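Trainee: Before I ask anything, here is the structure I am working with.
Just so you know, all these numbers are worked out from the coordinates, no wet-lab data involved. All values derive from a computational prediction rather than experimental measurement. Here the Cβ positions follow ideal geometry from the backbone for every residue, glycine too, while neighbour counts run over all protein chains shown.
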């Protein structure tokens, strides 16, 4: 039997599960005094976000047709100040742990692909792992090396110490990912697209397909296609 270890921490008044949350309602008459630690955390997040390419982002998902304590009227799914933090999903089968990273060419979802697709995906994964090994561990590996995985140091599939520290922290504001400059953003992007975080959908379409997603991965090209699609629909309706 497979066991899924998926630890999720919710801060600022939200309990430690991805589906159940309680919140602190802000008193507008007597506003709370923010602690020095909270101010430092906000400042660190702002510095971390500054200068990043904004073409890829994790955004809050909300559905205006579903009642959510009135938050849907303000394009929000969380109360102000609430932050979700979730660790990378880990599956345990017969005592063997496997993290959902999107960077494991031996994962079942990769083996199920058609031969041509699997070969292309393996090349993509090895190229990404080679880049990450270089940037994070100063370990230079040729993606075409027959002994490739034997030479991987940091991103080994069994390196639980490393993968257990990969997490995402999201609130109402978008979290920008710049995989071209930040190795950890590249890791998070692959993990999200592989389903490594239960609260983040790999795109908006997937978020709409289920009601338990709080966030979704938004890429600029997908955003542009939606704008063009909506524009065409509006234009067609106008002609009718």
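Trainee: What FRET efficiency do you get for residue 145 and residue 93 if R0 is 25 Å and r is their Cβ-Cβ distance, rounded to the nearest 0.05?
Mentor: E between residue 145 and residue 93, to the nearest 0.05, is 0.30.
Trainee: I want to check the label-to-label distance for residue 112 and residue 205. Put each point 7 Å from Cα in the C-beta direction and report it in nm to one decimal.
Mentor: 1.8
Trainee: Let me ask something else. Return the FRET efficiency for the residue pair residue 158, residue 184: r is the Cβ-Cβ distance, R0 is 22 Å, and the value is rounded to the nearest 0.05.
Mentor: 0.65
Trainee: Continuing with the same structure: With no solvent and one point per C-alpha, what does the Debye sum give as log10 I(q)/I(0) for segment 135-178 at q = 0.17, 0.29 Å⁻¹?
Mentor: With one equal scatterer per Cα and no solvent, log10 I(q)/I(0) is -0.68, -1.07.
Trainee: Evaluate segment 77-117: find the radius of gyration of its Cα atoms, find its Kirkwood radius, and give the ratio Rg to Rh.
Mentor: 1.21
Trainee: Could you work out how far apart the two model spin labels at residue 119 and residue 54 are, taking each label as a point 7 Å from the Cα in the direction of the beta carbon, and quote it in nm?
Mentor: About 4.3 nm separates the two model spin labels.
Trainee: Counting other beta carbons within 10 Å of each Cβ, put 185, 212 in order, fewest first.
Mentor: Lowest count first: 212, 185.
Trainee: Tell me the volume per residue, in Å³, of the convex hull enclosing the alpha carbons of segment 70-200.
Mentor: Convex hull volume per residue, Cα atoms: 150 Å³.
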